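As structure tokens, the structure follows; a few thoughts come after it.
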Amino acid sequence: MTFNPQFARIGEILVHEGIVTEEQVKEAMNKQPNFGLKMGETLRKLGYITEQDLLHALYLQLQYEVVQENELLELNPDIVKMIPEPFAVENRVIAIRKEGKTVYVAMTDPENIVIQDNLKKILGKNIKPVLIGESTLTDTLERYYKTIRTTSQVEDAVGSFEFVAMDEDENEITIDSSKEADAPVVKLVNLIITEAIKSNATDIHIEPLTKETRIRFRIDGALREVMSPPIGLHTGIVSLVKVMSKLNIAERRLPQDGHISLKTSIKSVDVRVSIVPTVTGEKVVLRLLDKGEFGFSLTTLGFLERDQEIFRKWLRRPYGITIVSGPTGSGKSTTLHAALKAIRDIETNIVTVEDPVEYRLDGITQIETNAKIDLTFARALRSVLRQDPDIILIGEIRDEETADIAIKFSLTGHLVFTTLHANDAASTITRMLDIGIPAYLVASSLNLVMAQRLVRLICSHCKADYTPNAVELRDAGITAEEAKKIKFKKGTGCVHCDNTGYSGRTGIFEMLEVTPEIRKLIFIGANQDEIKEAALRNSMLTLHQSGLEKMKQGMTTINEIIKFTVAEEL
């Protein structure tokens, strides 16, 4: 008898297509009541099928058109907003195109007649259902309705609400958009910050151009433009930020730095404010620091297995210094806080001195420096010694005095973690010497030097094979013969990753263990090349090699490796 999918169940179709086995369908049937989901979603939850597998089966069963990913990247917002956002989100639908008197609506359940009837009443047009996956719809709804909310009709989209800020002196500043004379500016600033928090942005750039103000968010390490309000609002935006951070509103010629603590409906964040004058006006950069519970662990940072073993080994040492180096935004603080989280216990007194305190950790004493009252790293650290610490984290070594105190801590039975700005592990050691620390002290105190970077992960929804060109291979230090053995991947761009091809980041690491050979080289004043050569003989993987390993595993792209690491000479 010929198999007809239109008269078959989803499980039967998936078995017939060779996507799942009958045993897996039986398992799903047994667990389906516990999940409260349909058979297809149950199989997906169990990891037996992907969203695309389910859509394929639904297409065979129901014969509805399946929406194409590339079409979702170029929807007309005017078509999308024909369906009010609350209705679209609640009923899992989105309008994708209009042809004459017919509106094509992507639906996760195109058989739902009630939703179709309601859509006809709302739109006053005929409805043509189109199949769409659940996660694809969620990301598409968020992308387009966010765009609609952040257009020139921002006042209508946001409405009236209260925005609460606290300055560095813990004085509360309440700005009610319904009472302020310049309500549109208040609402716009609220919207910018709220959308940044929703997007998990680390920084907000507010910069004046000739005819407009450009708002960009740094997401996964890269800046993305999110909106362009009229240039006429720029002065009001800057003034409001100054009010919230208690800066001088009248001063527009000099740089100013400030701090505010924001309470939103989503979460509370600390914000570091930097304002600099430019030829087109004042530029504002806001750095967002989450005040919530620290969510990272050593297993989620991206360590290769051997590197994680090395790092954990040095975490168990009773004294000495571990230094993590890299540029701003390379994840140094995240790594060290994950280390503290892994080793904290009731028997150990852990104290940190930071500027600022980026992550809050229960059970750990955290001190934030304050230049206004002369609470410097050095002054705070001298007091810390009287707090009976076992482990000390120094946010950053910036000068000889701080470095000297860190060295002395490590030589008197304390385990010290700190960060330093340097290009790689070997240059971190020479940087310590350049600061003014004697070679014999550096040699005797160092345990581990780790350089790190963050590279973007390829979006799992649009990952595809990729063939790099000769220039990319050359810049990455990969020969044509080596390239034949590598399966290169790249994200093509989709609604899940906002058409960037990337989603999330992972660390790449260079672990330089200070062995007796390395100590001897430091002691006699060897240069960084000699130290690096010795470390390589000791099986150290460079940042570039670590990055290549992630690329070979299909986690990141060749372009990310070129961007964040320097290829060794061929």
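The values are calculated or read from the model by the stated rules, or taken from the named source; none is laboratory data. Because the structure is a prediction, the values reported are computed rather than measured. Virtual Cβ from ideal backbone geometry, glycine too; neighbours counted across all protein chains shown. For accessibility, only protein heavy atoms count, side chains too; no ligands or nucleic acids. Shrake-Rupley method; radii C 1.70, N 1.55, O 1.52, S 1.80 Å.
Quick look at the values:
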read-out: E517 vs. criteria of a type outside the set (A, V, I, L, M, F, W, C) and within 35 Å of the chain's Cα centre (by Cα); value: no
read-out: Given (1) without any contact (Cβ under 8 Å) to a residue 24 or more places away in the chain; (2) closer than 21 Å to R360 by Cα, number of the condition R379 does not satisfy; value: (2)
read-out: Members of segment 376-395 that are touching an Asp or Glu at 6+ places or on another chain (Cβ under 7 Å) and surrounded by fewer than 21 Cβ atoms within 10 Å (Cβ to Cβ); value: A378
read-out: Selection count where residues are open to solvent by 100 Å² or more (accessible area, probe 1.4 Å) and either touching a strand residue (DSSP E or B) at 6+ places or on another chain (Cβ under 8 Å) or under 13 Å from R44 (Cβ atoms) (or both), scope segment 9-32; value: 0
read-out: Flag for V416 being touching a Ser or Thr at 6+ places or on another chain (Cβ under 9 Å) and surrounded by 18 or more Cβ atoms within 10 Å (Cβ to Cβ); value: yes
read-out: Residues located in segment 305-345, provided they are over 23 Å from D355 (Cβ atoms) and among the hydroxyl-bearing types (S, T, Y); value: Y319
read-out: Selected residue (criterion: least open to solvent (accessible area, probe 1.4 Å)) from residues of segment 50-70 that are free of Cβ contacts under 8 Å to residues at least 60 places away in the same chain and not in a helix (DSSP H, G or I); value: T50
read-out: Checklist (1) modelled with pLDDT of 85 or more; (2) in a helix (DSSP H, G or I); (3) under 27 Å from N118 (Cβ atoms) applied to E23, failing item; value: (3)
read-out: Which listed residue, of V416, V357, V384, V351, is within 26 Å of D290 (Cα to Cα), among the β-branched types (V, I, T) and part of a loop (DSSP other than H, G, I, E, B); value: V357
read-out: Residue list for segment 33-46, restricted to those being open to solvent by 60 Å² or more (accessible area, probe 1.4 Å) and assigned to a loop (DSSP other than H, G, I, E, B); value: G36, L37, K38
read-out: Search result, residues across segment 252-267 that are farther than 16 Å from V189 by Cβ, open to solvent by 60 Å² or more (accessible area, probe 1.4 Å) and not hydrophobic (A, V, I, L, M, F, W, C); value: R252, R253, P255, D257, K267
read-out: Residue in segment 268-276 that is loosely packed, with under 14 Cβ neighbours inside 10 Å and touching a residue at least 24 places away in the same chain (Cβ under 8 Å) present; value: no
read-out: Out of I373, I350, I364, I346, sole residue that is open to solvent by 50 Å² or more (accessible area, probe 1.4 Å), out of contact with any Pro (no Cβ under 6 Å at 6 or more places or on another chain) and within 25 Å of Q308 (Cα to Cα); value: I346
read-out: Qualifying residue in segment 444-456 (condition: in contact with a Ser or Thr (Cβ under 6 Å, 6 or more places away or on another chain), among the charged types (D, E, K, R), closer than 30 Å to V324 by Cβ and crowded, with 22+ Cβ neighbours inside 10 Å); value: yes
read-out: Condition met for G329 (part of a loop (DSSP other than H, G, I, E, B) and either open to solvent by less than 30 Å² (accessible area, probe 1.4 Å) or touching a helix residue (DSSP H, G or I) at 6+ places or on another chain (Cβ under 8 Å) (or both)); value: no
